[in-house]
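Structure, as structure tokens:
The values are calculated or read from the model by the stated rules, or taken from the named source; none is laboratory data. No experiment lies behind these values; they were computed from the predicted model shown. Every residue, glycine as well, gets a Cβ built from its backbone with ideal geometry; the counts of neighbours run over all protein chains shown.
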Amino acid sequence: MRYILELIKQGFWDLKIALVGMVLEEKIYRNYYNLKPSIKINLRRWMDGNVYYPFAQEAIGNRSLFETMHEHRVSKIAQRLGWDQKGNVDFLWIRRYYSEIMMPEGDANNADAHNQLAFYHMSFIQPKIIWEGVNATPYIGIGGTYQGALIQKLWPELAAFLSHYGYPLNGRILLKHKLLLLLKANLPLSLMREKVRWILKRRSAEVIEKN
């Protein structure tokens with residue numbers, strides 16, 4: 001929080017919307033994958049649904065090659081995090097993967113593309129800032145409560161607006177949103193993966209029909 005306030009004081013105040021949309025919106029301060037923090041997570045099933053996504057195996061076409069790729073990827077991640085877990089992992093492991101690997105290396109590519117059109121400030125990929133987010137893990141919870149409290153403290157006027165989550169970030173989450181978050185957090189990973197697969201199939205069919 002202090003870091004953002006310093007940015008604002010140094011002249012970023014006129015770019016509030018860009019700052020919030022492209023810095024505070026980074027998911028190191030919320031439960032990005034909407035997981036239940038207290039449970040162990042099957043790493044392979046989680047990676048199938050959140051790293052490889054549906055159709056990854058079909059795209060490669062060779063199951064043996066896919067498994068080799070998976071083992072190499074898991075070993076590389078374990079080496080980067082200094083945390084070798086190949087079976088079940090916990091919420092902290094998932095948050096470290098997103099904050100230390102996915103965001104700096106995956107989302108940074110998106111930022112490079114955005115920077116071809118407009119200035120895209122992505123200071124939250126700095127290690128010190130990432131670790132502040134990781135250290136907040138015990139307080140994150142299921143939804144974006146912690147993230148909302150952070151925005152409320154920095155910029156109350158913004159927190160009063162309706163967010164794309166379906167509710168403003170300056171008050172209590174409505175019961176229907178709480179129930180939806182709880183449902184998502186407790187659904188088996190296999191069902192979540194099938195949901196994504198169904199959405200992709202539907203969208204593909206819509207594109208084919210239009211063309």
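Name every residue in segment 53-80 that is in contact with a Phe, Trp or Tyr (Cβ under 7 Å, 6 or more places away or on another chain) and within 28 Å of Y139 (Cβ to Cβ), in order of residue number. Outline the logic, then answer.
Initially, segment 53-80 is screened for residues in contact with a Phe, Trp or Tyr (Cβ under 7 Å, 6 or more places away or on another chain), giving 57, 60, 77.
The one that is in contact with a Phe, Trp or Tyr (Cβ under 7 Å, 6 or more places away or on another chain) and within 28 Å of Y139 (Cβ to Cβ): I77.
Scanning segment 57-78 for residues that are of a type in the set (S, T, N, Q) and modelled with pLDDT of 90 or more, we see that the one that is nearest to M102 (Cα to Cα) is S75.
Return yes or no: is A78 closer than 27 Å to R203 by Cβ and of a type in the set (G, A, S)? The answer is no for A78. In segment 155-175, the residues that are more than 11 Å from G144 (Cα to Cα) and among the aliphatic types (A, V, I, L, M) form no Cβ pair under 7 Å with any partner that is assigned to a loop (DSSP other than H, G, I, E, B) and at pLDDT 80 or above, whether six or more places apart or across chains.
Being over 16 Å from Y32 (Cβ atoms) and outside any helix (DSSP H, G or I), is that true of even one residue in segment 91-113? No; the residues of segment 91-113 include none that is over 16 Å from Y32 (Cβ atoms) and outside any helix (DSSP H, G or I).
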